[in-house]
1. On the basis of being open to solvent by 40 Å² or more (accessible area, probe 1.4 Å) and among the β-branched types (Val, Ile, Thr), does THR41 make the cut?
2. Assuming GLY180 fulfils every condition listed in (1) part of a loop (DSSP other than H, G, I, E, B); (2) open to solvent by 60 Å² or more (accessible area, probe 1.4 Å); (3) out of contact with any Leu (no Cβ under 9 Å at 6 or more places or on another chain) apart from one, which condition is it?
3. Given the conditions (1) assigned to a loop (DSSP other than H, G, I, E, B); (2) at pLDDT 95 or above; (3) among the small types (Gly, Ala, Ser), and given that ALA35 satisfies all but one, which numbered condition is not satisfied?
4. Do we find that ALA69 is farther than 30 Å from GLN123 by Cβ, surrounded by 16 or more Cβ atoms within 10 Å (Cβ to Cβ), touching a residue at least 24 places away in the same chain (Cβ under 8 Å) and out of contact with any Phe, Trp or Tyr (no Cβ under 8 Å at 6 or more places or on another chain) in this structure?
5. Any idea which residue in region 190-205 is nearest to ARG162 (Cα to Cα), counting only those that are of a type in the set (A, V, I, L, M) and open to solvent by 50 Å² or more (accessible area, probe 1.4 Å)?
6. Six or more apart or on different chains, Cβ atoms under 6 Å: show the pairs whose first residue is in region 159-172 and of a type outside the set (Gly, Ala, Ser) and whose second is open to solvent by 60 Å² or more (accessible area, probe 1.4 Å) and in a helix (DSSP H, G or I).
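The values are calculated or read from the model by the stated rules, or taken from the named source; none is laboratory data. Here the structure is a predicted model, which means the values were calculated and not measured. Note that we place each Cβ from the backbone using ideal geometry, even for glycine, and neighbour counts take in every protein chain shown. Only protein heavy atoms, including side chains, enter the accessible area calculation; ligands, DNA and RNA are left aside. Shrake-Rupley method; radii C 1.70, N 1.55, O 1.52, S 1.80 Å.
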Amino acid sequence: LFTEIRKQIPRETMANLATVNELKPGQANVVLALAHCFWKTAQTQSAIDCFRQALQLRPDHLETRLLAAEFQMEQGQLDATSTLLTVPDPITTGMPIDWRDDDRWCWLSSQLAQLKGDDETAQTLAKRALELRPNEREYLHGYQTLLVLTGQTESAEPIRKRAAELQACRRRLEILVLGGDLDNPTADACGEVAALVKDRGESAQADGWSRLADHLRNDRRSGGPEVSVAPALTRQPARDGE
């Protein structure tokens, strides 16, 4: 939750990434993260250069292609976007996994189809992305919009309701994290988080928070010490990178 909600902004990350890149150039993850940072800080030419280098280092790497495709789409370069989203031949690349089974590929391909005026393909791909990741708010909003645009308002209504539910969960989790409630959590706070993440479809996380809530309740009854959850995360926000 800390890494999801307390993300570090790209401008704060760039200096460290640049230093690492100078000390040891050509690390694909670093170059891609720099490309992302340059993009998000409107340094377009530097972003282009870094994306080009990242693609040279890993031409068939899914995350690299997806991020570069998203960048090109934002620049209005639809042909370049289409090229980047073209599924590589598994025989020549040796890649065992079909990109069409990745929700991010489906979602970006849906956006590309919509920009090209192919609403039917856009809807099919958006639906597939949602099937692969049913609790992703962005996918829900996008699929709902496509349904409304094609006159399927009745089908869009349950999608809209689910998106609203997930948005409410997100807002409450932001309040708990940014308000400091989880720095030294109570059993009640942990129980609330468990219910919220369960509603988001995150059963493993929900189980963990429920067990922590039980642990805190038992400690309180026995007069045990307070439990502090991951204090280092409160001091070190997550890097906004790959």
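1. Numbers: open to solvent by 40 Å² or more (accessible area, probe 1.4 Å): no; among the β-branched types (Val, Ile, Thr): yes.
Spelling it out, it is not the case that THR41 is open to solvent by 40 Å² or more (accessible area, probe 1.4 Å) and among the β-branched types (Val, Ile, Thr).
2. (2) is the only condition that GLY180 fails.
3. (1)
4. Details: farther than 30 Å from GLN123 by Cβ: no; surrounded by 16 or more Cβ atoms within 10 Å (Cβ to Cβ): yes; touching a residue at least 24 places away in the same chain (Cβ under 8 Å): yes; out of contact with any Phe, Trp or Tyr (no Cβ under 8 Å at 6 or more places or on another chain): yes.
Against the criterion (farther than 30 Å from GLN123 by Cβ, surrounded by 16 or more Cβ atoms within 10 Å (Cβ to Cβ), touching a residue at least 24 places away in the same chain (Cβ under 8 Å) and out of contact with any Phe, Trp or Tyr (no Cβ under 8 Å at 6 or more places or on another chain)), ALA69 does not qualify.
5. Within region 190-205, the subset of a type in the set (A, V, I, L, M) is 193-197, 204.
Then drop every residue that is not open to solvent by 50 Å² or more (accessible area, probe 1.4 Å), which leaves 195, 204.
Working: ALA195: 16, ALA204: 20 Å.
Residue satisfying both the conditions and the ranking: ALA195.
6. Taking only residues 6 or more apart or on different chains, the pairs are LEU166/ARG137; CYS169/ASP199.
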